[in-house]
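Input: a single structure, listed below in structure tokens.
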Amino acid sequence: QVQLVESGGGLVQPGGSLRLSCAVSGFTFSTYYMNWYRQALGKERELVAGISSSGTYINYADAVKGRFTIYRDNPKNTVYLQMNSLKPEDTAVYYCNAYRNRGPLSPYNYWGQGTQVTVSS
């Protein structure tokens, strides 16, 4: 059974930090591209950061570059998002996503349940 379980969300003041974790099971974690998405109230879900299966390739949304860091621990089947210098506009539900391309077949694409991050004084 595929599971992606996020943790680490909460309420933080502007300028503060949080670290999100996503522990996965039920598939071969080390072969999947892992992403963090977020969805603010009334807005569409957006990609925040992604990391390749080996960790070699990393990408960030412009809005979080220099403040957020994505990394993964393949032996622990876990991906992390370190969020520093948080701003009120970072407030959203953050989702963990696992993706693996299968060429002409539909890709494997799994989602966690989300964790709320609220940045407010």
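The values are calculated or read from the model by the stated rules, or taken from the named source; none is laboratory data. Please read all numbers here as calculations on a predicted model, not as lab measurements. A quick note on method: Cβ atoms are made from the backbone with ideal geometry, for glycine too, and the neighbour counts reach across all protein chains shown. In case anyone asks, the SASA skips ligands and DNA or RNA and just uses the protein heavy atoms, side chains included. Shrake-Rupley method; radii C 1.70, N 1.55, O 1.52, S 1.80 Å.
Ignoring ligands, DNA and RNA, what percent of the 1.4 Å accessible area of the range 3-121 is carbon and sulfur? Can you show the working numbers first?
Values: 3040 of 6250 Å².
Carbon-and-sulfur percentage of accessible area, whole number: 49.
Under the combined filter of DSSP loop state and at most 11 neighbouring Cβ atoms within 10 Å, the range 1-95 retains these chymotrypsin sites (Phe, Trp or Tyr not before Pro): TYR57.
Take the Cα of ALA61, step 7 Å toward its Cβ, do the same at LEU41, and the gap between the two points is 1.7 nm.
Taking θ as phi - 60° and the Karplus parameters 6.51, -1.76 and 1.60, the scalar couplings of the range 91-98 work out to 4, 4, 8, 9, 10, 8, 9, 10 Hz in sequence order, x denoting glycine and proline. For the range 27-117, the set of trypsin sites (Lys or Arg not before Pro) satisfying both a DSSP loop assignment and a count of at most 13 other C-beta atoms within 10 Å is given as LYS43, LYS65. Among PRO14, PRO75, PRO88, the largest mean-square fluctuation in a Gaussian network model of the chain (Cα springs under 10 Å) belongs to PRO75.
Listed values for the range 76-86 are Karplus-derived 3J(HN,Hα) couplings in whole Hz (6.51 cos²θ - 1.76 cosθ + 1.60, θ = phi - 60°), namely 9, 6, 9, 10, 10, 9, 8, 10, 10, 6, 5, and x replaces Gly and Pro. Kirkwood-type hydrodynamic radius, the chain: 14.5 Å, calculated from all non-identical alpha-carbon pairs.
Considering only beta bridges that DSSP places wholly inside the chain, some 95 percent are antiparallel. Over the C-alpha trace of the range 52-121, radius of gyration and Dmax come out as 14.2, 49 angstrom.
Largest accessible area first, the listed residues GLU89, GLU46 line up as GLU89, GLU46 when surface is computed with a 1.4 Å probe on the assembled protein chains. Within the listed set VAL12, VAL48, VAL79, the Gaussian network model of the chain (springs between alpha-carbon atoms below 10 Å) gives the highest mean-square fluctuation for VAL12. Excluding ligands, DNA and RNA, the accessible surface per residue across the chain is 54 Å² with a 1.4 Å probe.
When LEU86, LEU41 are compared by accessible surface with a 1.4 Å probe, the order from highest to lowest is LEU41, LEU86.
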